[in-house]
Each structure stands twice: as C-alpha cells, then as structure tokens.
Amino acid sequence: MDCFLDLIPIPMLFMRKVLILGGTGDAVKLASKLESIPQMEVISSLAGRTKKPSGLVGQVRIGGFGGAEGLANYLRENAIDFLIDATHPCAGQITINGAIAAQIAQIPHLMLVRPQWEKIAGDHWIEVESVEAAAQAIPASVHRVFITSGRQQLEPFCRRSQVYPATWYLIRSIDPPDIELPNSLVLLDRGPFSLEQERKLLREYQIEVIVSKNSGGKATYAKIIAARELGIPIVMVQRPQMPEGEKVTSIEEVILWLSSQLDNRC
C-alpha cells in the first residue's frame, strides 16, 4: 500500500493540514500513513469516549466541538485544508456535523466508510433502527444476552431488566461502562477477535442472543460467523443514514483522493 504514498506531490510550497475525525482502527491506520508524507500536518480528533486510545500518532485533539458550527469555527481558526471523516459508521451525529462544517468552511471533505456486513444464508438477524429498539426486540423467552453495541448505550437494557429481571447480560467493551446494568458481567477487551475465541465465548456463557451494531470490517466479524455456526440470532442495529458527499471504502482511496485534491490546489 505504500506505493500509494508516492502519488502525493512532495514539492509543495505550503504545509497542508488534515483533520481526521477518528475513533476507529481505520482512522489510526490512516493517520499513521499520512504522518509519513512530507509537509502534511495531521490532526486526529477523538470524542474522548475511549479512555485509552490505541496506536495514535501525530497530533491528537480530544473532546467535542460544540456542533457543526463549532467544528466549522475550528476548521477556519486552525486553517484546516482537508476534513476526513473516519468515525464509526454508526456514529451518526458527528458525521452529519462534519458534512455541514466542511460546507460552511468551504474545504474538501471525504468520508471513509467501511462496507457494512451483509446477511447471508444461515444468518438469523433481527434488524432494528436503534439500540433502544434492539433492547425491545430481544424475545421475552431469552435469558442470556451478549451486548456488543457499546458501553454508553446501556440505559435501554436497564429498562428492560426491570421488566425481565431474570435476563443475564454479558457486556464486551474497551472501557468500563458508564452505568451498571443489573445481573451482568463486563468483559474489557479490544478486537480483533478470532473465530475460535468467539465460538468459545458464546458456548462458555451459553449466549442465546447477540446485540450488535452493523459496524462492518473484519475486526469483529468473527462473532457473526460464530453466531451463524451455532444458530444464535443477532439483533442487528442498522447504520444511520449518511449525509450526501464523497465517500470511499479504503485507506488507499483516501490517499488517492488527497493526491487529486493536492494536484488541483498546486
């Protein structure tokens, strides 16, 4: 993939600034690649939801911007040349804010969106629009649930536990949850996870239903395969609708896009 870096024009008169809206493994890899380009200043922005971010290089900004207008102000005040959204595909609001802010600031904007998982033969998905709907979609007869949809959205399951107190929950997240879900166990871990790991986990904890967001990518896809093999249904939270704008699905395509943008500005 390094050959794509050769496409970036090196003899530039001015330092170019790229702001990456991050929080994903793809964002970390992208920042690492762009950091090696001469005269390219890379700033990664994180919401601060993960307490111990992994593998970050270059400048890092942690915290919100105060909505689309706040982000637009940041872009202008810091003379950002390019905005790349590499947030989680289910992030929703920050992606919308990024598109609006780039339009206000009148700078090129690109969304790096990993392809979503597609249901295939053998999958049993209950597709829902939100985590709230996911909690409601868990059948009343289920007593052991594996939650992989994030540590910050456990309130709907707390409400469900009041109605179905016998249900036990296994929660996997990078950091400890913000609230305590009754009758649950928290596993602190970071992907990627192997198929063998996921099979063992689902069997060991006798999981009957998995709750997941349609994150896409390879890092956590093993749980989808394991669920398929073991006949375990998945309550799958679908991605929010994304704003209009340029989108790519790989880091290589981001670099090609940057190369084209730099050519146009020379």
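The values are calculated or read from the model by the stated rules, or taken from the named source; none is laboratory data. The shown structure was predicted, so the numbers you read here are calculated from the model rather than taken from an experiment. Here the Cβ positions follow ideal geometry from the backbone for every residue, glycine too, while neighbour counts run over all protein chains shown. Side chains included, ligands, DNA and RNA excluded: accessible areas come from the protein's heavy atoms. Shrake-Rupley method; radii C 1.70, N 1.55, O 1.52, S 1.80 Å.
With contacts taken as Cα pairs under 8 Å and at least 6 residues apart, the range 18-125 reaches a relative contact order of 27 percent. Over the chain, dividing the summed -39,500 (n - 2.57) contributions of all DSSP H runs of at least 4 residues by the number of residues returns a 222 nm mean residue ellipticity of -9500 deg cm²/dmol.
Over the range 101-169, what relative contact order in percent results from Cα pairs under 8 Å that are six or more residues apart? Please list the in-between numbers first.
Values: 28 pairs, mean separation 19.2, N = 69.
So the answer I get is 28 percent.
Determine the relative contact order of the chain: mean sequence separation of Cα pairs under 8 Å and six or more apart, normalised by residue count, in whole percent.
On the way: 477 pairs, mean separation 58.6, N = 266.
Answer for the chain is 22 percent.
Measure nothing but the geometry: give the 0 to 90° angle between the long axis through the Cα atoms of 251-265 and the longest principal axis through the Cα atoms of the chain, rounded to 10°. The answer is roughly 30 degrees. Projecting the Cα atoms of S260, L202, N214 onto the charge dipole of the range 186-266 (Cβ charges, centred on the Cα centre) puts L202 farthest toward the positive pole. Magnitude of the charge dipole for the chain, about its Cα centre and with charges confined to Cβ atoms of Lys, Arg (+1) and Asp, Glu (-1), is about 560 debye. The gain in end-to-end length when the V57 to K218 segment is fully stretched comes to 55.7 nm, 0.36 nm per residue minus the alpha carbon separation. Extension gain for E180-Q162 works out to 5.2 nm (0.36 nm per residue, less the C-alpha to C-alpha distance).
What percentage of the solvent-accessible surface of the chain, computed with a 1.4 Å probe over protein heavy atoms, is contributed by carbon and sulfur atoms? Mind showing how you got there, number by number?
Working: 6710 of 13060 Å².
After summing per-atom areas, the C and S share lands at 51 percent.
Residues whose amide H comes within less than 5 Å of that of S45, counting only those at least five positions distant or on another chain, are I20, L21, G22, R61 (H built at 1.01 Å from N in the peptide plane).
For the chain, the longest principal axis of the C-alpha atoms and the axis of helix 67-77 are separated by about 30°.
In this structure the amide hydrogen of Y169, modeled in the peptide plane, comes within under 5 Å of the amide hydrogens of V145, S184, L185, none closer than 5 places in sequence on its chain. With a threshold of 20 Å on the Cα-Cα distance, the over-threshold entries among K29/K218; K33/K213; K119/K200 are K33/K213; K119/K200. Scanning residues 5 or more positions from V211 or on other chains, those with amide H under 5 Å from its amide H are F146, I147, T148, V235, with H placed 1.01 Å from N in the peptide plane.
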